[in-house]
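Data first, discussion second: the structure below is written as structure tokens.
The values are calculated or read from the model by the stated rules, or taken from the named source; none is laboratory data. The structure presented is a predicted model; accordingly, all values stated were derived computationally and were not measured. Glycine also receives a Cβ, built like all others from the backbone with ideal geometry; neighbour counts cover every protein chain displayed. Ligands, DNA and RNA are stripped out before the accessible areas are found, and what is left, the full protein with its side chains, is counted by its heavy atoms. Shrake-Rupley method; radii C 1.70, N 1.55, O 1.52, S 1.80 Å.
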Amino acid sequence: MNSTGWKKPSLDDPIQFIKGVGPKKALLLRKLQLTAIEDLLYFLPFRYEDRSQFKKISTLIPSEFATIRAEVLNAGIIYIGRRKRIFEVIFQDETGTARGKWFRFNETYMLEKFKTGAKLIVSGKPTINKRSGLEFAHPDTEQLTGENATSMEIGKIFPVYHITEGLHQKSIRNILSNVLEKYLPLVDEFIPRDILQRHKFLSRSEAFHKTHSPPSEGFTAKDLDAFKTPAQKRLIFEELFLIQIGLAFNKKHSRTIKIGTTFKTRGTLIKQFIKLLPFQLTIAQKKVLAEIMEDLEKGKSMNRLIQGDVGSGKTIVALTALLTAVDNSTQAAFMVPTEILAEQHYLNILPYCEALGIDLALVTGTLKGKERKTIYQKIREGKTRIIIGTHSLVQKEIQFKNLGLAVVDEQHRFGVLQREAIGKKGKQPHLLIMTATPIPRSMALTLYGDMDVSFLDEFPPGRQPITTRVYYEKQQIKAYALMESELEQGRQAFVVCPLIEESEEIDLIAATTVFESIQKKFPQFTACLIHGKLKKEERQKIMWRFLKNEIQVLVATTVIEVGIDIPNASVMIIEHAERFGLAQLHQLRGRVGRGKYLSHCLLVAYFPISEEGKARLKVIQASRDGFEIAEEDLKIRGPGDFMGTRQSGLPILKIANLIRDIKILSIARKEAFLLIDRDPTLKDPANQPLKNAVQRIIGQHLPLMEII
């Protein structure tokens with residue numbers, strides 16, 4: 001700000017002072033995480049609309065995306081049963097009528113928006129209802145008023161943005177237009193010139209301009225929707241390049257300064273352990289162990305991720321690594337997300353440790369008094385060699401004498417900071433991360449780009465197949481009849497529901513209701529209810545009773561997604577399966593099929609079901625391959641928050657799609673790693689803009705980047 005009080009415009013300026021915003025709209029924009037000018041530049045259209053291509057209602061084709069101009073004939077709430085409410089709008093044009101239906105809505109807002117006679121643009125995929133004809137479920141709508149209603153610009157392509165209640169497409173377009181006019185000249189370039197020239201990328205400012213305000217010639221709305229234009233490709237590259245720069249730096253940094261302990265591998269303990277195993281290791285297990293042993297022999301801290309599907313034998317691989325640390329006179333820690341899983345690992349590993357003469361300890365939040373003091377002291381003195389526990393392992397009270405290796409199971413539940421915390425418990429200990437949630441290769445390159453990745457893609461012999469079936473609400477009785485048949489044969493069953501209690505606003509079957517129903521229908525069997533609101537001790541007690549077959553039917557929320565093995569459980573019923581993500585469905589299915597019995601995963605789905613929901617059910621029924629399912633999951637719902645990206649510490653992708661843009665990702669990764677090899681800390685003055693951009697845009701997501 002100069003002496004006259006005038007402040008030079010900046011991309012950090014708050015959006016409240018943009019022409020057309022003001023305090024009220026600023027609050028609405030904040031709901032979309034838009035607070036500064038640069039946020040708006042990155043607030044990119046998710047779809048484009050060619051308004052010379054409007055369709056008439058009579059020409060609509062079911063399941064084919066279309067945009068119509070229509071008038072509201074009637075609107076209001078219709079009731080189905082006691083609790084289900086639907087807001088329905090009847091649209092009309094000169095060729096016919098169609099309905100729009102909303103299952104989640106604000107009544108006051110909807111009645112105001114859809115007044116009789118209001119002229120609208122309606123976009124979506126229509127379906128055929130046998131009773132009422134053509135209908136749209138939750139279509140995108142935009143009100144046509146004033147000039148907008150009469151002077152449609154023929155051939156013009158309109159950007160369509162995600163909006164919030166009270167904010168209209170026309171408003172957001174006007175705001176973006178004002179931003180582009182005033183602030184586009186301030187947009188700086190930070191991608192090195194040689195990379196821009198090599199790949200013929202547009203400048204950053206031109207890319208923003210042509211993405212928000214696409215030219216009417218050269219590209220169609222279809223091209224823009226497919227993100228195939230040069231402007232979009234430039235912004236996709238930029239987003240992926242910044243992330244890969246951060247990952248390349250972290251990897252380079254860890255390999256140059258993190259000098260770990262050199263381990264001797266395949267020692268006496270390992271040979272004795274292999275002889276104790278009642279089975280042969282799979283080819284995949286042997287391959288992954290060879291990769292781990294090679295890392296441990298290098299003298300640099302191992303930083304490896306093991307991706308293994310449910311039941312692929314990760315625990316044996318982990319135990320082999322833990323024993324290698326013990327064989328090298330160091331301690332080893334095994335951190336898992338839940339107390340009950342920690343206890344099961346402890347009980348499974350204990351017989352081997354006893355046979356090998358190794359002191360093993362279990363550390364959880366429930367340790368109290370003298371027992372806790374004794375265990376902590378033995379860890380501190382180095383007498384306890386293998387320690388299994390939850391996040392309690394990273395607490396200040398836990399002090400290792402010489403931690404040489406840390407294994408972290410189900411890493412996506414912990415996140416980057418806890419991963420870093422366990423690594424600080426020793427002098428650059430080796431780190432082995434395990435996840436039972438397969439991740440597509442493209443996601444692994446981004447989510448774990450600073451790690452080496454191993455794949456356990458083979459099941460041990462003897463694993464029984466799991467039959468997966470979909471039952472719609474009227475067929476629900478068949479699912480429970482199959483469950484009853486299995487229970488009568490001495491088996492056990494899980495029944496999973498998405499909610500604990502009934503909600504008037506969300507019409508889902510609640511765990512409490514299902515539990516009461518099962519108690520009435522199957523009084524000859526013991527049923528129990530478990531959910532996240534119960535105390536840890538109570539949940540733990542219930543799971544142990546289930547393991548001992550004192551409980552035959554466990555009604556649960558997704559608290560059992562990561563849980564203990566129940567070899568006798570042969571049935572998994574998932575109520576409202578259409579509401580679960582693919583990764584969740586796959587994880588839940590993996591709770592059965594762990595014994596010698598043929599198992600069943602029964603998916604009970606309820607109408608209405610979105611197209612995405614139908615796609616998920618089709619995929620989970622057709623495939624047991626976790627990696628294939630992960631690829632399909634990414635295709636169906638996009639990369640926005642895939643597998644807890646938010647929790648992992650990486651930024652949410654605004655434009656890139658890791659399936660669609662795998663080629664651009666490969667280019668971005670190659671260029672980033674080459675650049676960091678040439679200029680490891682970006683100290684070259686020519687790379688200063690890039691360094692600033694990395695720190696500004698992704699620095700908050702990748703904590704290690706502050707070292708640059």
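Here are Thr324, Thr320: which of them is over 29 Å from the mean Cα position of the chain (by Cα), more than 29 Å from Pro465 (Cα to Cα), at pLDDT 90 or above and in a helix (DSSP H, G or I)?
One residue alone meets the criteria, Thr324.
Six or more apart or on different chains, Cβ under 9 Å: which pairs go from a residue in the stretch 7-36 that's touching a residue at least 40 places away in the same chain (Cβ under 8 Å) and exposed (fewer than 14 other Cβ atoms within 10 Å of the Cβ) to one that's part of a loop (DSSP other than H, G, I, E, B) and polar (S, T, N, Q)? Could you list them?
Lys31/Thr164
Within the stretch 259-286, how many residues are more than 15 Å from Leu323 (Cα to Cα), in a helix (DSSP H, G or I) and without any contact (Cβ under 8 Å) to a residue 40 or more places away in the chain?
Residues in the stretch 259-286 being more than 15 Å from Leu323 (Cα to Cα), in a helix (DSSP H, G or I) and without any contact (Cβ under 8 Å) to a residue 40 or more places away in the chain: 1 in total.
For Gly124, indicate whether it is under 17 Å from Pro608 (Cα atoms) and open to solvent by less than 30 Å² (accessible area, probe 1.4 Å).
Yes.
Is at least one residue of the stretch 374-392 within 33 Å of the chain's Cα centre (by Cα), open to solvent by 30 Å² or more (accessible area, probe 1.4 Å) and either of a type in the set (Asp, Glu) or modelled with pLDDT of 90 or more (or both)?
no
Note down all Cβ pairs under 8 Å where the first residue falls in the stretch 371-396 and is within 14 Å of Val336 (Cα to Cα), the second is open to solvent by less than 70 Å² (accessible area, probe 1.4 Å) and aromatic (Phe, Trp, Tyr), and they're at least six residues apart or on different chains.
From the stretch 371-396, the pairs are Ile386/Phe334; Ile387/Phe334; Ile387/Phe400; Ile388/Phe334; Ile388/Tyr346; Gly389/Phe334; His391/Phe414.
So if I check each of Leu202, Leu235, Leu196, Leu167, which one is of a type outside the set (Lys, Arg), open to solvent by less than 40 Å² (accessible area, probe 1.4 Å), at pLDDT 95 or above and outside any helix (DSSP H, G or I)?
Leu202
Would you check which residues across the stretch 205-225 are surrounded by fewer than 14 Cβ atoms within 10 Å (Cβ to Cβ) and part of a helix (DSSP H, G or I) and list them?
If the condition is that a residue be surrounded by fewer than 14 Cβ atoms within 10 Å (Cβ to Cβ) and part of a helix (DSSP H, G or I), then Lys222 is the only one that fits.
Considering only the stretch 527-554, state which residues are aliphatic (A, V, I, L, M) and either at positive phi or open to solvent by 50 Å² or more (accessible area, probe 1.4 Å) (or both).
Leu547
Quick check: anything in the stretch 408-421 at pLDDT 85 or above, in a helix (DSSP H, G or I) and under 18 Å from Ala332 (Cβ atoms)?
So far as the stretch 408-421 goes, no, none of its residues is at pLDDT 85 or above, in a helix (DSSP H, G or I) and under 18 Å from Ala332 (Cβ atoms).
Of all the strands (runs of 3 or more DSSP E) wholly in the stretch 13-130, which have at least 1 residues that are farther than 17 Å from His168 by Cβ and among the charged types (D, E, K, R)?
It comes to 47-50, 66-80, 84-93, 96-102.
Could you check Gln280 against (1) exposed (fewer than 15 other Cβ atoms within 10 Å of the Cβ); (2) under 27 Å from the mean Cα position of the chain (by Cα) and say which number it fails?
Every listed condition holds for Gln280 apart from (2).
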